[in-house]
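The values are calculated or read from the model by the stated rules, or taken from the named source; none is laboratory data. Note that the structure is a prediction, hence the values are computed from the model and not measured. Cβ placement follows ideal geometry from the backbone for every residue including glycine, while neighbour counts extend to all protein chains displayed.
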Amino acid sequence: MTLKPMNELLIEIAGQAEKALLYEVALTPKPGLVDRNNNGAHSDMDFFTFMDSIVSLSPYLYQYVKLGMEHVGTEKELFHKVRSMGVHAEKAMLTATKNINTHKGANFSFAVLLGATGACIGRGLQPPFTQNDTQEVLSYAQEMSRGLVTDDFADLAAKTSLTYGEKLYLSYGITGIRGEAEAGYPALSELILPFLRANQGQPVENLLLEALLLLMSQVEDGNIIHRGGISAWQTVKTETKQLLQDSHEGNLKELLYSYDLVLIERHLSPGGAADLLSLGIFFAKLENLF
Ligand SMILES: CC(C)(COP(=O)(O)OP(=O)(O)OC[C@H]1O[C@@H](n2cnc3c(N)ncnc32)[C@H](O)[C@@H]1O)[C@@H](O)C(=O)NCCC(=O)NCCS
Ligand SMILES: Nc1ncnc2c1ncn2[C@@H]1O[C@H](COP(=O)(O)OP(=O)(O)OP(=O)(O)O)[C@@H](O)[C@H]1O
């Protein structure tokens, strides 16, 4: 096998991440989320806000991979490098969206996972990825994120203003996106990627909408919980399990258009599941699944 030059790989990997963000927002109909049909349960953003946001993040996606490829040192040191870059990316995103949080969680996770992907590529991994290659990247990301929950949530009592993630940890012990990273993204390795691999060949939009429902039925979604509390989250998990049982290729979109209205009425949006979906799409692209 001929090896591709590093700069080609860099462009290819960052491009797959950008594509994943574009696919996620373009997928329609998504319950409660911004899509091509409506703004879901959001009054402050629309499809175009997401276009602005993705373009603002694009150079940083490239930088995360580059930092990983060029990294010499421990996994933890790479985490600190990509997170500092991530803080700049978040500022660029907020400037582009006029202070609306479109991709805060996605930016954080792509920083970690693109850094990890770059580091593994620097050690010889080449796309297309096998399932084992993806696992190697997730294990590297887990190592990068070791101690994150404890480190980030130390001394919260002394803080005067808290983020939603911090509030959820104090109120319910929910670790959200930080816990997911520290565990090596089990929602990817145990849930969405096995589903996408097993259902390869199906029409992409239907496949990814079903994958979103699967995530909504199981993930500890910080967005749903901060807006609706624990009971609203339990209800969404039960309802999406039922939708998965009732759906088939012919009626999936019809069921989702109706459920979108239900979540809009309840002012609920599964932003955590949406972020995990875009991360899943990224690895599916690297594995050439569609
Ligand atoms: C860790 C991040 C996401 C900040 O966390 P914060 O508590 O503000 O966010 P919060 O937990 O509310 O969630 C952010 C987003 O994550 C997504 N999300 C929520 N739950 C999940 C989940 N289970 N899985 C995946 N994504 C999720 C949602 O899209 C949500 O909007 C990140 O923005 C970050 O690291 N920022 C830099 C912080 C920093 O270093 N500051 C300087 C030192 S204080
Ligand atoms: N297609 C999408 N539509 C809407 N939100 C999405 C989409 N994809 C991902 N998200 C995630 O959902 C989050 C937005 O949810 P939410 O509006 O609850 O965030 P917030 O700004 O933290 O809270 P609030 O607006 O309630 O004060 C973003 O962080 C984003 O990552």
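Considering GLU249, GLU220, which residue is at pLDDT below 95 and either among the aromatic types (Phe, Trp, Tyr) or within 16 Å of ligand 1 (Cβ to nearest atom) (or both)? GLU220 is the lone residue from the list that is at pLDDT below 95 and either among the aromatic types (Phe, Trp, Tyr) or within 16 Å of ligand 1 (Cβ to nearest atom) (or both).
Contact map, region 25-38: first residue over 18 Å from ILE224 (Cα atoms) and without any contact (Cβ under 8 Å) to a residue 60 or more places away in the chain, second residue more than 13 Å from ligand 1 (Cβ to nearest atom) and basic (Lys, Arg), Cβ cut-off under 7 Å, separation 6 or more or different chains; pairs are ALA26/ARG36.
Residues of region 1-56 that are in a loop (DSSP other than H, G, I, E, B) and touching a His at 6+ places or on another chain (Cβ under 9 Å): GLY32, LEU33, VAL34, ALA41. The condition of being surrounded by fewer than 20 Cβ atoms within 10 Å (Cβ to Cβ) and among the hydroxyl-bearing types (Ser, Thr, Tyr) does not hold for SER278.
Those residues that are among the aromatic types (Phe, Trp, Tyr), part of a loop (DSSP other than H, G, I, E, B) and either over 29 Å from GLY229 (Cβ atoms) or out of contact with any helix residue (DSSP H, G or I) (no Cβ under 6 Å at 6 or more places or on another chain) (or both), I need them from region 119-174; list them, please. Matches in region 119-174: PHE129 only.
Among residues of region 229-246 that are of a type in the set (Gly, Ala, Ser), those with a Cβ under 7 angstrom from a residue that is assigned to a helix (DSSP H, G or I) and buried (at least 17 other Cβ atoms within 10 Å of the Cβ), sequence gap 6+ or separate chain, pair up as ALA232/ILE224. Test THR97 against the criterion of being β-branched (Val, Ile, Thr), in contact with a helix residue (DSSP H, G or I) (Cβ under 9 Å, 6 or more places away or on another chain) and surrounded by 14 or more Cβ atoms within 10 Å (Cβ to Cβ), and give yes or no. Yes, satisfied. Return yes or no: is ALA20 under 25 Å from THR240 (Cβ atoms), surrounded by 22 or more Cβ atoms within 10 Å (Cβ to Cβ) and more than 9 Å from ligand 2 (Cβ to nearest atom)? It is true that ALA20 is under 25 Å from THR240 (Cβ atoms), surrounded by 22 or more Cβ atoms within 10 Å (Cβ to Cβ) and more than 9 Å from ligand 2 (Cβ to nearest atom). So is LEU138 of a type in the set (A, V, I, L, M, F, W, C) and under 18 Å from HIS71 (Cβ atoms) or not? Yes; evaluated as a whole, the condition is true for this residue.
Conditions (1) more than 22 Å from VAL25 (Cβ to Cβ); (2) in contact (Cβ under 8 Å) with a residue 24 or more places away in the chain; (3) out of contact with any Cys (no Cβ under 9 Å at 6 or more places or on another chain), marked per residue:
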| position | (1), (2), (3) |
| --- | --- |
| ILE54 | no, yes, yes |
| SER58 | no, yes, yes |
| VAL65 | no, yes, yes |
| LYS76 | yes, yes, yes |
| SER84 | yes, no, yes |
| ALA96 | no, yes, yes |
| ASN99 | no, no, yes |
| ALA106 | no, yes, yes |
| ALA116 | yes, yes, yes |
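GLY73 satisfies every condition listed in (1) more than 15 Å from ligand 2 (Cβ to nearest atom); (2) within 30 Å of VAL236 (Cβ to Cβ) except (2).
Could you go through region 44-51 and let me know if any residue there is at pLDDT 95 or above, surrounded by fewer than 18 Cβ atoms within 10 Å (Cβ to Cβ) and either touching a Leu at 6+ places or on another chain (Cβ under 8 Å) or within 18 Å of ILE281 (Cα to Cα) (or both). Checking region 44-51: at least one residue is at pLDDT 95 or above, surrounded by fewer than 18 Cβ atoms within 10 Å (Cβ to Cβ) and either touching a Leu at 6+ places or on another chain (Cβ under 8 Å) or within 18 Å of ILE281 (Cα to Cα) (or both).
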